[in-house]
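Here's the structure, in structure tokens; my notes come after.
Bear in mind that the values in this text are calculations on the coordinates, not laboratory data. None of these values were measured; they are calculated from a predicted model. Note that each Cβ is placed from the backbone with ideal geometry, even for glycine, and that neighbours are counted across all protein chains shown.
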Amino acid sequence: MKIENNRVVQIHYTLRDDQGEILDSSVDHEPLPYIHGVGALIPGLEKELLGKETGDKFSVVISPSEGYGEYEEDQVFQVSAKDFDEGDELELGMQVQLEAENGPAVATITEIEGDEVTLDMNHPLAGVALHFEVEVIEVRGATKQELEHGHAHAPGAHEH
Ligand code: ZN
């Protein structure tokens with residue numbers, strides 16, 4: 001069965017950056033299940049997977065615009081350490097929840113200088129070229145319930 005919209009696909013993948021450093025991999029875990037065409041994966045990867053079938057393996061380099069977006073300087077800003085709850089241990093690399101204009105967002109602390117804390121709302125992989133190695137493990141039709149939920153269900157899993 002070929003991959004097309006509304007099929008449940010399981011893939012194994014390894015993601016590396018330009019330096020060949022592994023950023024993420026499913027290989028020592030269960031394959032990643034997703035429903036094709038509902039926006040579960042980054043656009044560049046869905047495009048590449050379309051039409052592939054079980055057993056297919058491929059490598060692809062995906063540019064930031066087809067991945068997690070370009071790095072945007074205006075997503076970086078300073079706040080006061082006093083804006084955080086007292087007793088919060090602020091550390092570099094820590095992710096914090098905040099209220100942005102269009103709802104809750106996650107930012108990473110990228111600098112702490114005295115009272116001034118720099119927050120970066122870019123996705124950690126924004127601006128990064130993504131080198132994927134992918135193997136298609138399974139392709140099947142999605143159930144009605146999976147389509148209603150917008151995500152794949154593990155075999156035998158009950159409703160959630
Ligand atoms: Zn569900």
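Taking the Cβ of residue 52 as the center, what net charge do the other residues with Cβ under 12 Å away carry, scoring Lys and Arg +1 and Asp and Glu -1?
Here the count lands on -3.
Would you kindly calculate the translational diffusion coefficient of the chain, applying Stokes-Einstein with the Kirkwood radius from alpha carbon pairs, for 4 °C and a viscosity of 1.567 mPa s, and quote it in µm² s⁻¹ without decimals?
Calculated translational D: 72 µm²/s.
Of the chain, which part is the longest with no GluC sites (Glu not before Pro) in a loop (DSSP not H, G, I, E, B) and with at most 16 other C-beta atoms within 10 angstrom?
Free of exposed loop sites, the longest segment is 102-158.
Could you calculate the FRET efficiency of residue 140 with residue 57 from 1/(1 + (r/R0)^6), where r is the beta carbon distance between them and R0 is 22 Å, rounded to 0.05?
Once rounded, the FRET efficiency stands at 0.70.
Could you give the C-alpha radius of gyration of the stretch 73-120 expressed as a fraction of 2.2 N^0.38 Å, taking N as the number of residues it contains?
1.07
Go through 55, 25, 94 and say which Cα lies farthest out towards the positive end of the charge dipole of the chain; charges sit on Cβ, +1 for Lys and Arg, -1 for Asp and Glu.
55
What lysines sit close enough to residue 52 to cross-link, taking a C-alpha to C-alpha distance under 25 Å and skipping anything fewer than 8 places away on the same chain?
Within reach: 2, 144.
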